[in-house]
Structure formats: structure tokens, C-alpha cells
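**Student:** This is the structure I want to talk about, given as C-alpha cells.
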Amino acid sequence: MSWRNIGKDDLDVMLGEPKRAVRSLALALAFSYLIIQLNTYIDTYWTTGLGDVAMSAVAAMSPIYWIVSSIGIGLGVGASSTMAYRIGQGDHARAGLLGSNAVLLGIGSSMVMGVAVFLLLDPMISLIGADEIRDECFSYAIPFALMSTALVVNGILAGLLRSEGSRAKSMGILVLSAATNIILDPVLMYQMGMGVAGAGWATCIGSALSCIPALWWYFSGKMRIKLDRSNFRFDVSASKEVLNVGAPRTAEALVTGVTNVLQRIFIVIAGGTMGLMLYNVPFRYATLIVVIAEALGAAMIPVCSAAIGQKDIARMHTGMRYAVSLSFVLTSVLAVVAFVFADPLMGVFINSESMEPHREELVAVMRMFCIFIPFDGLRKIGSCMLQVVRRSRLSSIAVLVWGGAKLVCYWAACTVSFDALIIAAVAVYVAGGLWMTGLGFLSAKKFEREKLGDSPAA
């Protein structure tokens, strides 16, 4: 079967029965995201061999990666939503113009972000109180500033592929990125003696390599949507259309990243620099399980957006309800499994003598986090629902309010104890999931009552 036929089959699935479409696209995305999370686990695994100081540095600086890549995530969502809407209308030429402008916007904004991260890195380390591990923090984070364009464009290209429902190709570039990182980690960190810096460089090199096949598929005409030289030009209206959805989503991701940086101040107050490791290592498993919700949400966006383009609101509702219910059931089951097997799961990261004394507390934190995992999945799904119904700004505001509430709760709890901070985290994530999902359903009902126009503006 040719690449063209594969793309056609994917597009037919995306425009067909919504449950099948969401399930089909989410399955490929979940596999891809799991590979990416395996990537972070391999980073963590090799870093534990360097000791608890290196682990604390990675925990302190991991939001830098999120902040930089959030531009690509946001613009990728903007491209996926608006392009799928145009595909649903049958306007493939406009979809191609939207995709090319998303890439151009990503290149420009990533350069600005790279400079900003480089200039603000030192003050950020002082702000969170990580001066004693400053050198390790710099070593891990500098590659993210220097290679920001690769991190951003990688996320945008994945969004472009999802807009066509291209499961195999979208999965392929994410797997290539993660596999490259997994292979390079031990080589750079140990064989080449780069230490914790090797983990950062391995991640960036993987992102850069994965962009190559995606760009080749588009520029060689292998995709249904064309991204040729005639489309690869800046267009004000196309950029605005992408940004109407993508900018609020990017702002939302940036708010999350900045909140994660600021919360480290309170984690350090409550548990010292080792508290960063005690909080973030168990959170790796929470993030791994919530991948299911992220995949269902990412699949729901193009499927439901295409349904809107076809003026089929009932299909949009079906896709949303299916994604929410399936997410909650699956994440709940896996959270119970993680709770039961918390001890051996934490044992994976006990690879040095300096890590062994932390085992009991790591297990306890892991079991507390299992309580909020299904609700954090709902938080992710709720945000995606708001993207679908063009309430991107509402989603950003909701995330900003939730992030502010989280910081207030962490601030209040950190003056009591580290255990109190963990309890506050559970409460905040449960409340956030219920709130975001409720906003998603209410906005979907309101959207149904409104007259649908031709523009997918937020």
C-alpha cells in the first residue's frame, strides 16, 4: 500500500464514526507518548547513577524543557484544530497554508524563547533556592536554550500530521525522537563523560532528527495536505487563524511551565533540594499514566474539529463523551495498579547508595499521587474540549486560575511540612480535574446553541 493510500485511509477514519476515530488515533498517540515517557524514564534511570544531587538538578530544571517545548505544543494544537476544521470543509489548500504558517511562527518564536531561557536561567536557579546545585542545573538546561528551534518545530510537525489523522507518521517521528534519546543517554553521559549535560543534549538531538522525515513527507508531496514552497510563506490571516487557537494553548502551557518552576520554591522550603527529587521522581509515574488522557485529548481535537467543519455537532459530542469516560476508567485502573506496586516501581530508581535512604518516602509519595491521577487526566481532557469548541482563551484563564490556586496551597502547606505539601498537591489536582471537565461540558453545550460560522476563530 502506498503512502498516499495510507494517508487517505487515515483521513477517512478521522471523518467517520467518532468513537472509532478517537480510539484509532489515540491508540497510536498513546503508544508514541508512552515511548516519549520511556524516554524520560531512561533519562532518570541513568541520572540516578550520578547520585541524588544530579537527580535533584534534573528535577529542578525539567520545567525548562516544558516551557520551551510548550510553544510547539501550543502551535501544534492550533494547527491540528484549524487544519482539521478546514479539512472537514474540504478546503485542503487553506489547510496547507495554515500548516506552513504554524511552522514559520514556531521558528521565529523559538529563537526568542531560546534567548530568554539563556538570560533567565541563572536568576531562576537563585529564585527556586537551588544555588548548591547550580552547576548541575546549568549543565542540564543549557541544551534546551541552544536547541529550542528543534524542540518547538518537533511539536508543530506532530500537530500537522495529527490534523490529517496520520497515525503511523505522527507516531513515527515521536518514536524516532525518543529512541535516539534512549540510545544517546548512556553514550553521552558516561562514555563521553558529559554527565548530566548528556541527558539534555540527547533529548535535543532526538527532537532535531525526528523533524527530518516529517519535513520530507510534506515537501515531497507524500501527504494529502501540501506544504510546498508556494504555501511556505507568511500570511497574516493564516497566522491569525492558527494563533486564535494556538496562542491561548501556548499561553496555557507556559503558565503550567512557569507554575511548575515557582512551585519548586515551596518544595525546597518544605523538603530542601532533596525534596525536588522526592516530589518529581514519583510524579514520573503519574505523568506516565496520564499519557492515556493526553492521547485521548489529542485525538479528540482533530476528530471533533473535523465534525464541526462538517456541521455535525452530535458527532462532536459523542467524541467528547467517549474520550472523557474512557480516560477516567483506564487511568483509574492503572492508578490502582501503581498504588499496589509502588515499592518495586520506586525501586527502579534506586541505583546508587545515596538514593537508598529515600526509598520509603518515595513509595509514600507515589501512593498519595495515585489518588489524583484519574482527575489529572480529566484536567487534560477538559482543556482539549475547550480547544475544540473555540474556547481557548477560557482554557488559558482556567489554567491560570488553577495554577495560582496551586501555588497558594503549596505556599500554605510548605510552612507546615513536606507531607502537608503532598496532601495539598492531591487536593489541588483533584479539584482541577473536576473543574476543567465541568467547564468543557458546559462550553460544549453553549457552543451547540450558538450559530456556527465558517471561521474557526476562538
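**Student:** Quick check, is L227 buried (at least 20 other Cβ atoms within 10 Å of the Cβ), touching a His at 6+ places or on another chain (Cβ under 8 Å) and more than 23 Å from S383 (Cα to Cα)?
**Tutor:** So L227 does not fit the description; no.
**Student:** Follow-up question, since we're still on this one. Only residues in the range 131-160 that are more than 13 Å from V115 (Cβ to Cβ) and without any contact (Cβ under 8 Å) to a residue 40 or more places away in the chain count as the first member; pair them with residues that are of a type in the set (A, V, I, L, M) and part of a helix (DSSP H, G or I), Cβ under 6 angstrom, at least 6 apart or cross-chain, and list the lot.
**Tutor:** Note: pairs meeting the criteria are R134/I125.
One line per residue, one yes/no per condition, for (1) farther than 19 Å from G72 by Cα; (2) at pLDDT 85 or above; (3) acidic (D, E):
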| site | (1), (2), (3) |
| --- | --- |
| R162 | no, no, no |
| S170 | no, no, no |
| A178 | no, no, no |
| L188 | yes, yes, no |
| G200 | no, yes, no |
| G206 | no, yes, no |
| K226 | yes, no, no |
| N231 | yes, no, no |
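**Student:** OK, next. Please determine, by comparing only the residues of the range 383-397 that are buried (at least 23 other Cβ atoms within 10 Å of the Cβ) and aliphatic (A, V, I, L, M), which one is nearest to V303 (Cα to Cα).
**Tutor:** This residue is V388.
**Student:** I397: hydrophobic (A, V, I, L, M, F, W, C), touching a Ser or Thr at 6+ places or on another chain (Cβ under 6 Å) and not in a loop (DSSP other than H, G, I, E, B), yes or no?
**Tutor:** Criteria not met by I397.
**Student:** Do you know which of the residues in the range 169-197 that are touching a residue at least 60 places away in the same chain (Cβ under 8 Å), in a helix (DSSP H, G or I) and more than 19 Å from the chain's Cα centre (by Cα) is surrounded by the most Cβ atoms within 10 Å (Cβ to Cβ)?
**Tutor:** Among those residues, the one meeting the criterion is V196.
**Student:** Does R359 qualify as being of a type in the set (K, R), in a helix (DSSP H, G or I) and in contact (Cβ under 8 Å) with a residue 24 or more places away in the chain? Spell out the reasoning first.
**Tutor:** Details: of a type in the set (K, R): yes; in a helix (DSSP H, G or I): yes; in contact (Cβ under 8 Å) with a residue 24 or more places away in the chain: no.
Criteria not met by R359.
**Student:** Sticking with this structure for a sec: Out of G159, G114, G129, which single residue is among the small types (G, A, S) and on the phi > 0 side of the Ramachandran plot?
**Tutor:** Of the residues listed, the single one that is among the small types (G, A, S) and on the phi > 0 side of the Ramachandran plot is G129.
**Student:** Which of the residues that make up the range 32-49 are at pLDDT 70 or above, of a type outside the set (A, V, I, L, M) and assigned to a helix (DSSP H, G or I)?
**Tutor:** D43, T44, Y45, W46, T47, T48
The values are calculated or read from the model by the stated rules, or taken from the named source; none is laboratory data. As the structure is a prediction and not an experimental result, all values here were calculated from the model. Please note: Cβ atoms are built from the backbone with ideal geometry, for glycine as well, and neighbour counts cover all protein chains shown.
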